[in-house]
Structure formats: C-alpha cells, structure tokens
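Here the structure is laid out as structure tokens; the discussion comes afterwards.
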Amino acid sequence: MEIKDKNTPFFTIATVARLLGVSVGTLRLYDRKGLILVHKTEGNQRLYSESDVERLRCIRTAITEHKISIEGIRHMHSMIPCWEYIQCPLEQRVACPAYNTPEAGCWTYKHQDNACKGRDCRDCRVYKLSCDCKTIKQLVYRTSAPSPDSIPQSEKDIRG
C-alpha cells in the first residue's frame, strides 16, 4: 500500500494495537480521553495514520517510561497555549473552554464562537505540534516562562 503522506489514515485499530503492543481497548480509551483524534470511516471504523502512530508512541513512552498517567498527559496538553499559536483574540478567548477550563488539549472542546470554529483539529498546528514528545515542553514553556523584564533583580542575581 502506497502512503501519500504521514497524515493519510490507513492502519486499522488491530494493526496499530499490534505495532504498539497494546490492546484495542487501550487505543479506544486514548480516543475517548482525547489524547488522539482518530479518523473514522462512514462505517465508524477507526483508521490511523503514520502521524497518529507516532503520537501514540509518544503517549506510550510518557505512560510506560516516565510514569505519567492519562490524566497527567491530558493536563500537559491543556497547558499548551493554543490561543497564541492560532492568534485567537482576547474577546474570543474569554468565552473559550480551552482557555477558561483547561482539562485537556484544546482539540477536545467544541469550538463555537472563536477562531477555531469550523476547523478540523487534526489539521491544526497546535494538535500537530503536540504529538511530538520533544516539543511539548517548548510548547508549554513558551508562555509560562517569565519575560526577562518581569523577573525581580534579586532573582536575576541568583540565576546568574
């Protein structure tokens, strides 16, 4: 089978379960918890792309090697400042559940009155960046890091 790109869904759930050494139920759980957005056929069959498999490998690494729970991963995803990456205006942010009630990645919420309305979250830059284990820290740190001007002089002296 020829793969057009990394985002073309063609792996069945059983194939992905075998590739990752997990049960089909585990993959369904990750889908229900919003850790992954699965492609579904008209017959409701789950299909996974190569990018999805990479994302699932990252999730499995976080769980098995770093001992991060599913809820912990959801919390990390909720800390990604999606509003910055998609330039969501403040007046839209204040009505957005991803901004106000961060419990999971922004792709798990219904977007009705903001910049994400009508967008396919699988194609969103925030969702795509969050699938790389190496970028999660940088995504979160981008806004949580204090600007040099906001650090008190005494703390600057300690930091060197």
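Computed quantities for the displayed model
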quantity: For peptides 59-65, 106-112, sequence by mean Cβ density within 10 Å, most packed first; calculated: 106-112, 59-65
quantity: Relative contact order [Cα under 8 Å, 6+ residues apart], segment 1-83, whole percent; calculated: 31
quantity: For segment 33-69 and segment 82-103, distance of Cα centres in Å; calculated: 24
quantity: log₁₀ of I(q)/I(0) at q = 0.16, 0.20 Å⁻¹ - segment 70-146, Debye sum with one point per alpha carbon; calculated: -0.53, -0.84
quantity: Links that overshoot a 19 Å alpha carbon limit, given the list K6/K117; K6/K40; K67/K134; calculated: K6/K117
quantity: Radius, Kirkwood style, for segment 1-92 when every pair of distinct Cα atoms is counted (Å); calculated: 14.6
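FYI, it's all coordinate maths here, none of it is from the lab. Quantities reported herein were computed from a predicted structural model and do not represent experimental measurements. Ideal geometry is used to build each Cβ from the backbone, glycine not excepted, and the neighbour counts take in all protein chains shown.
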